[in-house]
Amino acid sequence: MTQPIDKDAALFARPWIFIRGVPSMKFLPPEGPPEVAFAGRSNVGKSSLINALLAQKGLARTSNTPGRTQELNYFVPDGYSGEGEDLPPMALVDMPGYGYAQAPKQQVDQWTKLVFDYLRGRATLKRVYVLIDARHGIKKNDEEVLNLLDKAAVSYQIVLTKSDKIKPPAVEKLLAATAEKIRKRPAAFPGIVATSSEKNAGLDDLRLAIQQTVAG
């Protein structure tokens, strides 16, 4: 039985912990709490956003080397035993970055299979947050991932990162253009969140979106 989120509790204010890196499906934790996953190109600032979202520096590993996250990395709020009904209210999954030019093809294929198997077979996965660099918008490899999510019928929401790197009018223009690009995609959630890990912008909006997703 999954514990409901206490809307009065500051879920993202409590400490979070890393519990498991999953290199293949057999290492996935048992299905229990609802899960939300973060996907994005390997240089999109995914680890930085997760750290800012959870207000914990160094929780998700950051690196100047694209493709360092090679597993599904699981994070949960601290203070739950995980036994019986003492489950955390949700889990956050950091997915391997895509578009990593420096990785060998065999490794890329292995990561791609892991991601697709996870998306296709995880009943507790509530939504994937697809991170898009605000300086570049949706690129071809992003579109390939959106196609994969549509095919797997997994709900996803676009999150713009590094929005502080472009001027506010450009952010508004990009929000409108991105909304139009995903308008006819069957699994896309229509709301788009613009964020900046460096300036802590948009993080409360993203936290609220996650809580609403998990609460159903």
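Structure data summary
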| quantity | calculated |
| --- | --- |
| Answer from V154, V171 - the residue that is under 16 Å from the mean Cα position of the chain (by Cα) and either β-branched (V, I, T) or closer than 22 Å to N51 by Cβ (or both) | V154 |
| Region 26-50 - residue that is of a type in the set (A, V, I, L, M, F, W, C) and either at pLDDT below 90 or over 20 Å from K126 (Cβ atoms) (or both) and, of those, surrounded by the most Cβ atoms within 10 Å (Cβ to Cβ) | V44 |
| Residue identified as among the hydrophobic types (A, V, I, L, M, F, W, C) and touching a Lys or Arg at 6+ places or on another chain (Cβ under 8 Å) among I166, I182, I192 | I166 |
| Options V145, V154, V115, V128; residue that is in contact (Cβ under 8 Å) with a residue 24 or more places away in the chain, of a type in the set (A, V, I, L, M, F, W, C) and closer than 18 Å to L206 by Cα | V128 |
| Verdict on S63 being among the polar types (S, T, N, Q), within 14 Å of L114 (Cβ to Cβ) and at pLDDT below 95 | no |
| Lone qualifier among A177, A153, A123 - being farther than 27 Å from G216 by Cα and not acidic (D, E) | A177 |
| Flag for L53 being among the aliphatic types (A, V, I, L, M), at pLDDT below 90 and touching a helix residue (DSSP H, G or I) at 6+ places or on another chain (Cβ under 8 Å) | no |
| Breaking point among (1) at pLDDT below 85; (2) open to solvent by 20 Å² or more (accessible area, probe 1.4 Å); (3) under 14 Å from the mean Cα position of the chain (by Cα), for Q70 | (3) |
| Flag for D150 being of a type outside the set (G, A, S) and farther than 17 Å from K46 by Cα | yes |
| Sole residue being at pLDDT 95 or above and among the aliphatic types (A, V, I, L, M), chosen from A215, A179 | A179 |
| Count of region 73-95 residues which are open to solvent by 30 Å² or more (accessible area, probe 1.4 Å), within 16 Å of F12 (Cα to Cα) and touching a Leu at 6+ places or on another chain (Cβ under 9 Å) | 1 |
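Matching residues to (1) over 30 Å from P33 (Cα atoms); (2) surrounded by 19 or more Cβ atoms within 10 Å (Cβ to Cβ):
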site: L131; (1), (2): no, yes
site: A153; (1), (2): no, no
site: Q157; (1), (2): no, yes
site: S163; (1), (2): yes, yes
site: P190; (1), (2): no, no
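The values are calculated or read from the model by the stated rules, or taken from the named source; none is laboratory data. Here the structure is a predicted model, which means the values were calculated and not measured. A quick note on method: Cβ atoms are made from the backbone with ideal geometry, for glycine too, and the neighbour counts reach across all protein chains shown. To get the accessible areas, we keep the full protein, side chains included, count just its heavy atoms, and leave off ligands, DNA and RNA. Shrake-Rupley method; radii C 1.70, N 1.55, O 1.52, S 1.80 Å.
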